[in-house]
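**Q** Structure in structure tokens, see below.
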């Protein structure tokens, strides 16, 4: 009897112990879950502020470009834009129009060339050969590139400004956003979604070029499929299909490097091709697809009727040119200026604008071009044209897409890893006959598969902070003055609020400076910011061997501005400008900086920097000369 009681007691005790262990296990699981969620939330916060740093710097760079262009046009108000941008001999050849046969007769393809050999009209086999070659990092010979561009221009000229499509002829239409020279993204889209065909139509919504290293290959592939399937592959113009954007963001340099002998002709022909790209696409009379956005003055009927090639080589430059001539009102009749301005602003708005949640239409101060448009602007346009949806691109999105304005506006961005390896997904849209969008996300992963989440975020954060520190270093003098205004006793320390206010007043990046302070500035024991520590241990690499260390701070800030001015003057893209052109370029840039010129000092410098004594200087000599003159001017002004 007693034995039985003991067994029962043991059984009860065992049950209680089991319940206690289960409770401890649950508590442990909850703790682990909370820790995981907290860690993941912190990592996501770091990722998001890193991406906001990249985007703010990108937009600030676009504003700087507009300022430089405005200065350039001040110096060349009476010179036709085409004369500034093109080599006269080359532009004349392009205007006259070379045929396929003429290119074949004038440009030999050597036996040593093992890449694709195209014959026109192109076939699907030709397109497959191009895809295979580009996967293996081969170049298409210049003769075939020029022939392809000539044929593309011929086809584009026959197309309307706004293309109308219907889903009734296919099950779905695929819409892709910015690719920005990322060939791997295009190849992955074709792998996942299939090649363009009559049964598989595509719309590519602009910004094919710049930033990435394979812009030329992307254009060749898209133009090839356009020639094979002109009714099933459609291309809209983006704000980077623009000569001036290409000068600054890499495409011009890419073409010149890959096609040294025929680069000038290819670039000149490309400018013409870009000017003939359609401006928008409409699906089933309900879905409007364009690159940037709309404004409260967007008129689709006007856009469909204008001569789109008149927007020409650069929408930005043309619009700035009109503004310059408005300021010099005697140069054009008032009616002519008004009509021309309206035309360029219409195109500028659809290529550069961004949606915002606030109602109204305001200037896009972040980019310096286009506008911010609110839900009311979208609703008004939809009511006028009986639309259901606006699909646009133009803006980086971490997940590859974003839905706004109560589901009426969709942003699609197809370049994955845009800022850094692992920074974002790319995406494309599948539209069925019911016009219900289906999003497909992807990410080209070369290295990130071998990294965990913390390592990936760390890489993105490190790259973003490096870019931001370079921006800080470039504005060191202005920031030091701004800090000093809060440090009345010259202690070298100010409050975090004052430090953040000074950073924003100078850099104007709209960043969460308080959150970033731990990465950017050292804190004292009493919680103040040691503001000069912003500039400690900044490893700013020298851009060229010829440039002296003293140039670093100056070049961090002005190198891109100098390069775009140098490229405008260097019309033949030879990498050299004459000494006379250097003098002209320096005066232009000195005006941009707001400093006076001393002709005697400049004349002596011009003679001393021509190291080869051949009457020309390259960009490295130009940078060094800029530093010397800038130093002389600062000394003179002091």
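**Q** What do you reckon, is residue 435 over 25 Å from residue 39 (Cα atoms), in contact with a helix residue (DSSP H, G or I) (Cβ under 7 Å, 6 or more places away or on another chain) and either touching a residue at least 12 places away in the same chain (Cβ under 8 Å) or surrounded by fewer than 17 Cβ atoms within 10 Å (Cβ to Cβ) (or both)?
**A** No.
**Q** Within segment 370-378, is there a residue that is assigned by TED's automatic domain parsing to the domain that holds residue 206 and out of contact with any strand residue (DSSP E or B) (no Cβ under 9 Å at 6 or more places or on another chain)?
**A** The answer is no, given that none of the residues of segment 370-378 is assigned by TED's automatic domain parsing to the domain that holds residue 206 and out of contact with any strand residue (DSSP E or B) (no Cβ under 9 Å at 6 or more places or on another chain).
**Q** Taking segment 124-141, which residues are touching a helix residue (DSSP H, G or I) at 6+ places or on another chain (Cβ under 8 Å) and closer than 15 Å to residue 223 by Cβ? Lay out the reasoning, then the answer.
**A** So in segment 124-141, the residues touching a helix residue (DSSP H, G or I) at 6+ places or on another chain (Cβ under 8 Å) come out as 124, 126-127, 130-131, 134-135, 139-140.
124, 126, 127, 130, 131, 134, 140, listed by residue number.
**Q** Take residue 327 and decide whether it is crowded, with 16+ Cβ neighbours inside 10 Å, modelled with pLDDT under 95 and over 20 Å from residue 282 (Cβ atoms).
**A** Answer is no for this residue.
**Q** Here's a follow-up. Show me the strands (runs of 3 or more DSSP E) found entirely inside segment 168-235 where at least 3 residues are more than 17 Å from residue 148 (Cα to Cα). First the steps, then the outcome.
**A** On the way: elements: 173-176, 202-204, 233-235.
The qualifying strands (runs of 3 or more DSSP E) are 173-176, 202-204.
**Q** In addition: Tell me whether segment 380-395 contains one or more residues that are in contact with a strand residue (DSSP E or B) (Cβ under 7 Å, 6 or more places away or on another chain), at pLDDT 95 or above, assigned to a strand (DSSP E or B) and more than 26 Å from residue 59 (Cα to Cα).
**A** Yes; the residues of segment 380-395 include at least one that is in contact with a strand residue (DSSP E or B) (Cβ under 7 Å, 6 or more places away or on another chain), at pLDDT 95 or above, assigned to a strand (DSSP E or B) and more than 26 Å from residue 59 (Cα to Cα).
**Q** As an exercise: evaluate residue 77 against (1) surrounded by 12 or more Cβ atoms within 10 Å (Cβ to Cβ); (2) in a helix (DSSP H, G or I); (3) modelled with pLDDT under 75 and give the number of the one condition it does not meet.
**A** Of (1) surrounded by 12 or more Cβ atoms within 10 Å (Cβ to Cβ); (2) in a helix (DSSP H, G or I); (3) modelled with pLDDT under 75, only one is false for residue 77: (2).
**Q** Only one of these conditions is not met by residue 299: (1) surrounded by 24 or more Cβ atoms within 10 Å (Cβ to Cβ); (2) out of contact with any strand residue (DSSP E or B) (no Cβ under 9 Å at 6 or more places or on another chain). Which number is it?
**A** Tallying (1) surrounded by 24 or more Cβ atoms within 10 Å (Cβ to Cβ); (2) out of contact with any strand residue (DSSP E or B) (no Cβ under 9 Å at 6 or more places or on another chain), residue 299 fails exactly one: (1).
**Q** Check whether at least one residue in segment 264-275 is at pLDDT below 95, in the same structural domain as residue 433 (by TED's automatic domain parsing), in contact with a helix residue (DSSP H, G or I) (Cβ under 6 Å, 6 or more places away or on another chain) and assigned to a loop (DSSP other than H, G, I, E, B), and report yes or no.
**A** no
**Q** Could you please find all residues in segment 441-456 being modelled with pLDDT of 85 or more and out of contact with any strand residue (DSSP E or B) (no Cβ under 7 Å at 6 or more places or on another chain)?
**A** 444
**Q** Considering each residue of segment 155-193, count those that are in contact with a helix residue (DSSP H, G or I) (Cβ under 9 Å, 6 or more places away or on another chain), over 22 Å from residue 285 (Cβ atoms) and surrounded by fewer than 21 Cβ atoms within 10 Å (Cβ to Cβ), and give that number.
**A** Selection size over segment 155-193: 4.
**Q** While we're on this one: Among the numbered conditions (1) over 30 Å from residue 437 (Cβ atoms); (2) at pLDDT 90 or above, tell me where residue 337 comes up short.
**A** Checking residue 337 against (1) over 30 Å from residue 437 (Cβ atoms); (2) at pLDDT 90 or above, the one that fails is (2).
**Q** Is there a residue in segment 29-50 that is under 18 Å from the mean Cα position of the chain (by Cα) and at pLDDT 80 or above?
**A** Within segment 29-50, one or more residues are under 18 Å from the mean Cα position of the chain (by Cα) and at pLDDT 80 or above.
**Q** Please go through segment 494-533 and pick out each residue that is farther than 20 Å from residue 462 by Cβ and touching a residue at least 40 places away in the same chain (Cβ under 8 Å).
**A** Of everything in segment 494-533, those that are farther than 20 Å from residue 462 by Cβ and touching a residue at least 40 places away in the same chain (Cβ under 8 Å) turn out to be 508, 510, 531, 532.
The values are calculated or read from the model by the stated rules, or taken from the named source; none is laboratory data. In this text the structure is predicted, and so the values were computed from the model without any measurement. With ideal geometry, Cβ positions are generated from the backbone for all residues, glycine too; neighbour counts draw on all protein chains shown.
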